[in-house]
Amino acid sequence: MLLNAGCEISFTTTIATPVILMLRPRSGSGQWIIREEYLINPRLSVSEYTDNYGNLCQRLSVPPGDLTIKTTLDVDTADQIDVQPGAPLVTVEKLPENVLKYLLPSRYCQSDLLGKLSLEIIGDNTPGYDQVEAIRHWINSNIEYAYGTSDASTSAVDTARERIGVCRDFAHLGIALCRSIDIPARMVVGYLYGLEPMDLHAWFEAYVGDRWYTFDATQTRPLGNRITIAYGHDATHVALATQFGPLQITGMKVWVDKSTVV
């Protein structure tokens, strides 16, 4: 499906504040960026670089006052995500070197503390894709989705204990549970067509069967028409705005609609 998506974010700061933004998706598997517009008001000097996860990052210094950033995209997306029940586990010694880092515990995904829960969830499922799907299904069935129930400090261990959270928390828990059984997993943030209420979204990917597969524990069935903005170990590496000073978000609007581009 051709999608028109974007976000408009308003900021304010009292002093000059360095900021790193992550708002530009790249063309890749399942998505092709047809057209893109990136507006900054007031106009500021911006430089761009690619981080260690392959994400496009915009670097700027925000002067005192208000700032508005608006990104608009027309993207050709895959109508369905790939699923492959039975895809086998790739043992650690056979994993590609660039995937190994996604086996390690991270700030929000303490996989070293969740091994017992993982083993209870996966039961006798075949190692690999089926184990990840069991984890996704368990989270969807046992964790309540509710706004305002977590914050920026909430981790996978917290979510496993409290049994409540939002998409960010669902993704962190799925990642941590996968890593605890030696399945590489990474965080993904982006847009999802038809999401209610509309917002930026988070899900996770697991590496089985020699490739990455998408898993979204907030959904009851696989849904396509996703636009990936960024990948990372956890929320630390996929923040849409990382500020080094008193920058505050004062408003945000997100949309994902069918595109009219020809």
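Quick notes
- Each of 57, 178 has some number of other Cβ atoms within 10 Å of its Cβ, and from fewest to most they run 57, 178.
- Build a GNM of the chain with springs between Cα atoms under 10 Å apart, and of 65, 190, 115 the one that fluctuates most is 65.
- Over the range 149-262, all Cα pairs binned in 5 Å intervals from 0 give whole-percent P(r) values of 2, 10, 19, 23, 20, 14, 7, 3, 1, 0, listed from short to long.
- GNM result for the chain, Cα springs below 10 Å: residue of 145, 38, 49 fluctuating most strongly: 49
- Neighbour-count ranking [beta-carbon atoms within 10 angstrom, fewest first] of 136, 59, 43: 43, 59, 136
- For residue 70, the lysines whose Cα comes closer than 17 Å to its Cα, not counting residues fewer than 8 places off in the same chain, are 253.
- Each label point was placed 7 Å from the Cα along the Cα-to-Cβ direction; for residue 141 and residue 153 their separation is 3.4 nm.
- By the rule of a C-alpha distance below 26 Å, with chain neighbours fewer than 8 residues away ignored, the lysines paired with residue 94 are 116.
- When shorter helices are ignored and each DSSP H run of at least 4 residues is given -39500 (n - 2.57), the per-residue value for the chain at 222 nm works out to -5000 deg cm²/dmol.
- Global form of the range 1-137, assessed from the alpha-carbon gyration tensor, a/c cut-off 1.5: prolate
- Relative to the Cα centre, the charge distribution of the chain, modelled as +1 at Lys and Arg Cβ and -1 at Asp and Glu Cβ, gives a dipole magnitude of about 440 debye.
- Percent of C-alpha pairs per 5 Å bin, the range 1-76, short to long: 3, 13, 23, 23, 18, 11, 6, 2, 0
- Net length gained if the chain between residue 241 and residue 261 were fully extended (0.36 nm per residue, minus Cα distance): 4.3 nm
- For the range 1-36 versus the range 108-183, the gap between their alpha-carbon centres in whole angstrom: 28 Å
- Positive dipole terminus of the chain, leading residue within 102, 244, 90 (C-beta point charges): 244
- Top of 78, 185, 230 by mean-square fluctuation, Gaussian network on the chain, Cα under 10 Å: 78
- Gyration tensor (alpha-carbon) shape descriptor, the range 99-167, a/c threshold 1.5: oblate
- With a Förster radius of 30 Å applied to the C-beta separation of residue 15 and residue 164, the computed FRET efficiency comes to 0.25.
Taken together, the values in this text are just the output of simple stated rules run on the coordinates, not laboratory data. This structure is a prediction, so every number in the text was calculated from the model and none was measured. Note: ideal-geometry Cβ built from the backbone for every residue, glycine included; neighbour counts use all protein chains shown.
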